[in-house]
Structures are given as structure tokens and as C-alpha cells.
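Chemist: Questions regarding the structure given below will be posed in turn.
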Amino acid sequence: IEGRGPNGAVLAADVPAKPMSVAQIERAAPTETITVSRMWRVMVDRVSQAWTTIPHFYLLREVNAARLTAWRDSFQVRATEKITYTDLLVKLTAAALQRHPRVNAMWQSDSIMLNGEINIGLAVAVEEGLIVPVIQRADQKTVRELAAARIELVAKAQAAKLPLADISGGTFTISNLGMYGVDAFN
């Protein structure tokens, strides 16, 4: 399927309404092996490890975001850096994880290990794939500090200059596809 999204990503609108037959798929799919970069190997390893070691659950709920929009606007008039909804979601997520520490945990052998810090990873699309830089101790930062950290980490990610410390220690990850018109995703 030819993708029309960012960097050729396949969007829901790109998927044909009528499924292809196995014969059509076999004719359409050439056999080719692609050697991937170290970043891709690390990304695949970490996602695979996460799927096998971390219980996943997804919650979706529509909400009236008028107060969130007003909150962002009130910050924006006073801020020198751009405050985004992502910054506010990091702040709110960190507050929720403080209130509910069992969500900021991981499964280890046969027990739940509560994380001592709230380090929020932000999924960032880069040319080679997806990388998750981490805002360390997000619960201890102001919205402006979170915005500054996000700006710095995204710039480093896009320039492929993230040191290992900036992609390590995440305890919870959020992702934002809203700029692509996506309502929900798993």
C-alpha cells in the first residue's frame, strides 16, 4: 500500500475498502531483505522486550478539553517557549502517576516493581523510525521546564544526537499523533 502520511506512513484512508486476496498480496509483495540501522535494531529489541515483559492496557475516553485549551492558552501568553498540549499531557500524566504509583510500575518475575521515579518517555518520529527520549523526574518539573526539556530532546532526536542517558530510564511513555488527524490509536 502506498502511504500518504508523514515519511510515507500508511494512513487509514490509504487502506483499500476491499481486502486483497492472498494471490494479489503474493504478486504485489516482492521478496527483499533490508539491512536496518543500529537504531532500528534497538527500537525493535526494546518494543519486543516491552511487549513480553510489560502488561499493556489501553484506555480511550473522549473528554471536553476546553479547560485544557484555556490552560495552554494562559501559559502561552506568558511563555517564551511554545507550550504544547504534549507538555500539559506530560504534566498531567506525571501527576496521575504520583497519585496512582501502581500504574508507574513494571512486572518483574512474579511481582510488581514500583518505580521510584516518574520518567516520561515521549515517542518521537525520526527519519529512521521511532525513538523515545525520556524526561527525567517529570513530576518535579514545571510546565515551562517540561516544554524546555521536550524542545531539547526532540531537537537532539531529530539531529540523531541523543546520548544513552536521554533514552534510558523511562517508566511511562506517551505518544501524540494528533497533528496527523488521528483520533485514537493502539
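The values are calculated or read from the model by the stated rules, or taken from the named source; none is laboratory data. None of the values given here were measured: they were computed from a predicted structure. In this analysis, Cβ positions are derived from the backbone assuming ideal geometry, glycine residues included, and neighbour counts consider all displayed protein chains. Note: areas computed on protein heavy atoms with side chains; ligands, DNA, RNA excluded. Shrake-Rupley method; radii C 1.70, N 1.55, O 1.52, S 1.80 Å.
Chemist: Under the 0.36 nm per residue contour assumption, what length would be gained going from the current alpha-carbon distance of Val126 and Lys82 to full extension? Don't skip to the end; give the middle numbers.
Modeler: On the way: separation 44, 0.36 × 44 = 15.84 nm, distance 2.05 nm.
Between Val126 and Lys82, full extension yields an extra 13.8 nm.
Chemist: Between Ala9 and Lys161, what is 0.36 nm times their sequence separation minus the Cα-Cα distance? Round to one decimal in nm. Display every interim value, and only then the final one.
Modeler: On the way: separation 152, 0.36 × 152 = 54.72 nm, distance 2.38 nm.
Full extension from Ala9 to Lys161 adds 52.3 nm.
Chemist: Ok, one more. Decide, for the range 66-125, between rounded, prolate and oblate: order the square roots of the alpha carbon gyration tensor eigenvalues as a ≥ b ≥ c, take rounded if a/c falls under 1.5, and otherwise choose prolate if a/b is larger than b/c, else oblate. Walk me through the numbers before you get to the answer.
Modeler: Working: a/c = 3.48, a/b = 2.45, b/c = 1.42.
Prolate shape, in that a/c is at least 1.5 and a/b is the bigger ratio.
Chemist: May I pose another question? For the range 48-94, report the accessible area per residue in Å² (1.4 Å probe, heavy atoms, rounded to an integer). It would help to have the intermediate numbers written out before the result.
Modeler: Details: 3680 Å² over 47 residues.
Ligands and nucleic acids excluded, the figure is 78 Å² per residue.
Chemist: Still on this structure, I have one more. For the pair Arg41 and Leu92, how long in nm is the line joining their label points, each one 7 Å along Cα→Cβ?
Modeler: Spacing of the two 7 Å Cα→Cβ label points: 4.0 nm.
Chemist: Highest mean first, how do 149-161, 62-74 rank when packing is the count of other Cβ atoms within 10 Å averaged over residues?
Modeler: 149-161, 62-74
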